[in-house]
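The values are calculated or read from the model by the stated rules, or taken from the named source; none is laboratory data. Given the structure is predicted, the values throughout are model-derived calculations rather than measurements. Counting neighbours? That spans all protein chains shown, and the Cβs are built from the backbone with ideal geometry, glycine included. Heavy atoms of the whole protein, side chains included, go into the accessibility calculation; ligands, DNA and RNA do not. Shrake-Rupley method; radii C 1.70, N 1.55, O 1.52, S 1.80 Å.
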Amino acid sequence: MANVSEGVERFNTKEKNVEKKNKKDIKKKARARWRKAVWKNWQLYLLLSPVILYFLVFHYFPLYGLQIAFKDFMASKGILGSPWVGFKHFERFFDSYYFWRLIKNTVGIGVFTLVVSFPVPIILALLLNEVKSLRYKKFVQTVIYAPHFLSTVVVVGMLLLFLKTDGLINQVIRLFGGTPVDFISEPAWFKSLYVFSDVWQTMGWSSIIYIAALAAVDPAQHEAAMIDGASRLQRIIHINIPAIMPTIVILFILNAGSVMAVGFEKVYLMQNSLNMSTSDVISTFVYRSGILEAQYSFSAAVGLFNSIINFIMLIMVNQIAKKVNETSLW
């Protein structure tokens, strides 16, 4: 019996050694294939390296500092030396006076922007696709693309110039016997000014991807539909829109996943003490708390909360799109 046990043990040991050797061979072959693929396409990897480096330096390495959201950060002790406090800063934010105002304003601006600005580039692309005159089409594209290249500071400066109490818009209102409106300081106007100026600035540039998708539509489908008596509107509805629907779904998922990520720069530049009730969003609150008041741990907790909500939104919208339209990011 002892000889049988020893034989079985030797057999098992031999099997394990063979299995380990096979795993090492597989890994070795995989590494060899990877090195061969990299060497074969080294120009593409070199071209991609600045993008990878950018994301590593500005998006992944800073994740190390997120732990201060769970600490009482002290600059003298550093990140590792600061004491852990758990969810203290999150609880403080949830119990703060500004919590619901920040959530309401951030979600309100984000959803309003999504509802208004997302369909506009699609409609614009569909309309431009129907323009037959190439010269006129290029002229329109040049005009609507131009605002994209204006900086946020310039756009807000234009808003302040046109909408101030003695600006062009109020002069026109006076000309027709109306009462001037202080658009910049009136809280009720903030969201509309923010969203519609954003639509004006981004609609042309955002339509490029839809125009590119429409260029891939087979002209034979339109010719067949015209023979069957389909009108231009019917061809748009039944041929063009279904053709670009996967693109629409993907971009909608990306936009819906950033509903809470309302841009700081434009809000901050348009913000003043009179419209604070509707203009104060999470990003400006983080700036005030973290930069101006040096509450680094608290502001990190607020920013992390905002990012988590965006991440959850992205996952939810992606899953819904996968079930409804069978198109998703992953």
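Just to be sure, is Ser133 at pLDDT below 90, of a type in the set (S, T, N, Q) and under 28 Å from Asn240 (Cβ atoms)?
On the way: at pLDDT below 90: yes; of a type in the set (S, T, N, Q): yes; under 28 Å from Asn240 (Cβ atoms): yes.
Taking the combined requirement at face value, the residue satisfies it.
Could you list all residues from the range 311-330 that are among the β-branched types (Val, Ile, Thr), under 18 Å from Met260 (Cβ atoms) and open to solvent by less than 30 Å² (accessible area, probe 1.4 Å)?
Here is the first cut: in the range 311-330, the ones among the β-branched types (Val, Ile, Thr) are 312, 315, 317, 320, 324, 327.
Now restrict to residues that are under 18 Å from Met260 (Cβ atoms): 312, 315, 317, 320.
Once the filter is applied, which keeps residues that are among the β-branched types (Val, Ile, Thr), under 18 Å from Met260 (Cβ atoms) and open to solvent by less than 30 Å² (accessible area, probe 1.4 Å), the range 311-330 yields only Val317.
Scan Ser207, Ser299 and give me the residue that is closer than 30 Å to Met74 by Cα and among the polar types (S, T, N, Q).
Details: Ser207 fails: closer than 30 Å to Met74 by Cα.
Just one listed residue meets the conditions, Ser299.
Would the range 48-60 turn up any residue that is of a type in the set (A, V, I, L, M, F, W, C) and open to solvent by less than 40 Å² (accessible area, probe 1.4 Å)? Break it down into steps so the answer makes sense when it comes.
Taking the range 48-60 as the starting set, the residues that turn out to be of a type in the set (A, V, I, L, M, F, W, C) are 48, 51-53, 55-58.
Filter once more, so that each one left must be open to solvent by less than 40 Å² (accessible area, probe 1.4 Å): none.
Within the range 48-60 (the criterion being of a type in the set (A, V, I, L, M, F, W, C) and open to solvent by less than 40 Å² (accessible area, probe 1.4 Å)), the answer is no, since none of the residues qualifies.
Could you please let me know if Phe190 is under 20 Å from Phe112 (Cβ atoms) and not β-branched (Val, Ile, Thr)?
Values: under 20 Å from Phe112 (Cβ atoms): yes; not β-branched (Val, Ile, Thr): yes.
Here the answer is yes, as Phe190 does meet what is asked.
Could you run through the range 170-194 and say how many residues are under 18 Å from Asn272 (Cβ atoms) and assigned to a helix (DSSP H, G or I)? Spell out how you get there, then give the answer.
First, pick out the residues of the range 170-194 that are under 18 Å from Asn272 (Cβ atoms): 170, 180-194.
This time we only want the ones that are assigned to a helix (DSSP H, G or I), so: 170, 187-194.
Qualifying residue count, the range 170-194: 9.
Between a first residue in the range 206-235 that is open to solvent by 90 Å² or more (accessible area, probe 1.4 Å) and assigned to a helix (DSSP H, G or I) and a second residue that is among the aromatic types (Phe, Trp, Tyr) and at pLDDT 90 or above, which pairs have beta carbons less than 8 Å apart while being 6 or more apart in sequence or on different chains?
No pair meets every condition.
Just one of the numbered conditions (1) at pLDDT below 90; (2) of a type in the set (A, V, I, L, M, F, W, C); (3) surrounded by 19 or more Cβ atoms within 10 Å (Cβ to Cβ) is not true of Phe264; which one?
(3)
Could you give every pair whose Cβ atoms fall below 7 Å, whose first residue belongs to the range 33-44 and is touching a residue at least 12 places away in the same chain (Cβ under 8 Å) and in a helix (DSSP H, G or I), and whose second residue is surrounded by 10 or more Cβ atoms within 10 Å (Cβ to Cβ) and not hydrophobic (A, V, I, L, M, F, W, C), counting only separations of at least 6 or pairs across chains?
Listed by first residue and then by second, the contacts come to nothing, as the list is empty.
Could you please give the count of residues in the range 236-260 that are buried (at least 16 other Cβ atoms within 10 Å of the Cβ), part of a helix (DSSP H, G or I) and not aliphatic (A, V, I, L, M)?
Residues flagged as buried (at least 16 other Cβ atoms within 10 Å of the Cβ), part of a helix (DSSP H, G or I) and not aliphatic (A, V, I, L, M) within the range 236-260 amount to 4.
Hey, does the range 67-82 have a residue that's of a type in the set (Gly, Ala, Ser), under 20 Å from the mean Cα position of the chain (by Cα) and farther than 30 Å from Ile236 by Cβ? Outline the logic, then answer.
Initial filter on the range 67-82 (of a type in the set (Gly, Ala, Ser)): 69, 75-76, 78, 81-82.
Restricting the remaining residues to those that are under 20 Å from the mean Cα position of the chain (by Cα) gives none.
No, the range 67-82 contains no residue that is of a type in the set (Gly, Ala, Ser), under 20 Å from the mean Cα position of the chain (by Cα) and farther than 30 Å from Ile236 by Cβ.
Yes or no: Lys88 touching an Asp or Glu at 6+ places or on another chain (Cβ under 9 Å), of a type in the set (D, E, K, R) and more than 30 Å from Leu251 (Cβ to Cβ)?
Considered against the rule, which asks whether it is touching an Asp or Glu at 6+ places or on another chain (Cβ under 9 Å), of a type in the set (D, E, K, R) and more than 30 Å from Leu251 (Cβ to Cβ), Lys88 comes out as yes.
Scan the range 267-310 for residues that are open to solvent by less than 20 Å² (accessible area, probe 1.4 Å) and among the charged types (D, E, K, R) and jot them down.
Residue satisfying the conditions is Asp280 alone.
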